[in-house]
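The values are calculated or read from the model by the stated rules, or taken from the named source; none is laboratory data. Given the structure is predicted, the values throughout are model-derived calculations rather than measurements. Every residue, glycine among them, receives a Cβ derived from its backbone with ideal geometry; neighbour counts consider all protein chains shown.
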């Protein structure tokens with residue numbers, strides 16, 4: 001099992017531009033509940049891995 | 001108008017009202033100067049904590065109050081005649097660093113998703129949207145039931 005606290009993705013909100021490094025659990029939460037900063041809906045396109053960002 | 005009865009709300013009734021409603025009034029103060037604004041919020045009854053966003057600019061009045069007063073009060077009320085309910089919660093304001101958010105924060109801000117009072121006329125990228133939580137230190141609720149037989153003149 002991977003370390004649940006490690007950052008595996010970079011989230012960039014398509015609406016407000018917020019950048020947050022997140023783990024897999026946070027990624028799922030963001031997809032389900034939207035951007036916590038501005039409330040906009042979030043799709044998988046909002047995530048990249050650190051090497052891609 | 002005859003107030004039939006005014007009673008204290010139970011913790012369950014308070015949690016029910018705060019879960020059902022999604023807006024309230026946040027009050028801050030700086031010495032003897034008051035400041036109150038309508039907000040959209042999320043409420044976690046288990047943690048007894050409110051979550052909300054505040055949108056401001058560096059020059060805004062709101063920013064000045066936030067920097068000076070960590071203590072705040074939130075008032076939420078419901079007027080569904082014949083029963084009127086209100087909840088008043090006091091506590092300490094704490095700003096949430098986006099880099100330190102966890103899953104629970106994302107869930108709670110999802111509950112506060114609709115910015116019903118925050119005016120976002122500008123592009124969100126140009127706004128300073130800050131996340132806050134209020135850890136409740138004291139909370140109380142009252143409800144008043146009007147007499148259904150009372151005639152309204």
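So which residues in region A:7-17 are at the interface with chain B (Cβ under 9 Å from one of its Cβ atoms), in contact with a helix residue (DSSP H, G or I) (Cβ under 6 Å, 6 or more places away or on another chain) and within 15 Å of residue B:106 (Cβ to Cβ)?
First pass over region A:7-17, keeping only residues at the interface with chain B (Cβ under 9 Å from one of its Cβ atoms): A:13, A:15-17.
In the following step, the residues that additionally are in contact with a helix residue (DSSP H, G or I) (Cβ under 6 Å, 6 or more places away or on another chain) were identified as A:15-17.
Passing the criteria: only A:16.
Only one of B:137, B:145 is modelled with pLDDT of 90 or more, closer than 30 Å to residue B:10 by Cβ and either away from chain A (no Cβ under 13 Å) or buried (at least 18 other Cβ atoms within 10 Å of the Cβ) (or both); which?
Working: B:145 fails: modelled with pLDDT of 90 or more.
B:137 is the lone residue from the list that is modelled with pLDDT of 90 or more, closer than 30 Å to residue B:10 by Cβ and either away from chain A (no Cβ under 13 Å) or buried (at least 18 other Cβ atoms within 10 Å of the Cβ) (or both).
Just give me the residues in region B:39-72 being modelled with pLDDT of 90 or more and surrounded by fewer than 17 Cβ atoms within 10 Å (Cβ to Cβ), in sequence order.
Within region B:39-72, B:45, B:46, B:47 meet the criteria.
Name the residues in region A:19-53 that are within 18 Å of residue B:108 (Cβ to Cβ) and surrounded by fewer than 17 Cβ atoms within 10 Å (Cβ to Cβ), would you?
Correct list: A:25, A:28, A:31, A:32, A:40, A:41.
Somewhere in region A:25-46, is a residue touching a strand residue (DSSP E or B) at 6+ places or on another chain (Cβ under 9 Å) and over 22 Å from residue B:53 (Cβ atoms)? First the steps, then the outcome.
So the first thing to find is which residues in region A:25-46 are touching a strand residue (DSSP E or B) at 6+ places or on another chain (Cβ under 9 Å), and the list is A:26-27, A:29-31, A:35-39, A:42, A:46.
Now drop any that are not over 22 Å from residue B:53 (Cβ atoms), which leaves none.
Checked region A:25-46: no residue is touching a strand residue (DSSP E or B) at 6+ places or on another chain (Cβ under 9 Å) and over 22 Å from residue B:53 (Cβ atoms).
Do you know which of the residues in region B:103-134 that are surrounded by fewer than 13 Cβ atoms within 10 Å (Cβ to Cβ) and closer than 21 Å to residue B:89 by Cβ is modelled with the highest pLDDT?
Going through region B:103-134, the residues surrounded by fewer than 13 Cβ atoms within 10 Å (Cβ to Cβ) turn out to be B:114, B:116, B:119, B:121-123, B:125-126, B:128.
Filter once more, keeping what is closer than 21 Å to residue B:89 by Cβ: B:114, B:116.
Values: B:114: 68, B:116: 63.
My answer is B:114.
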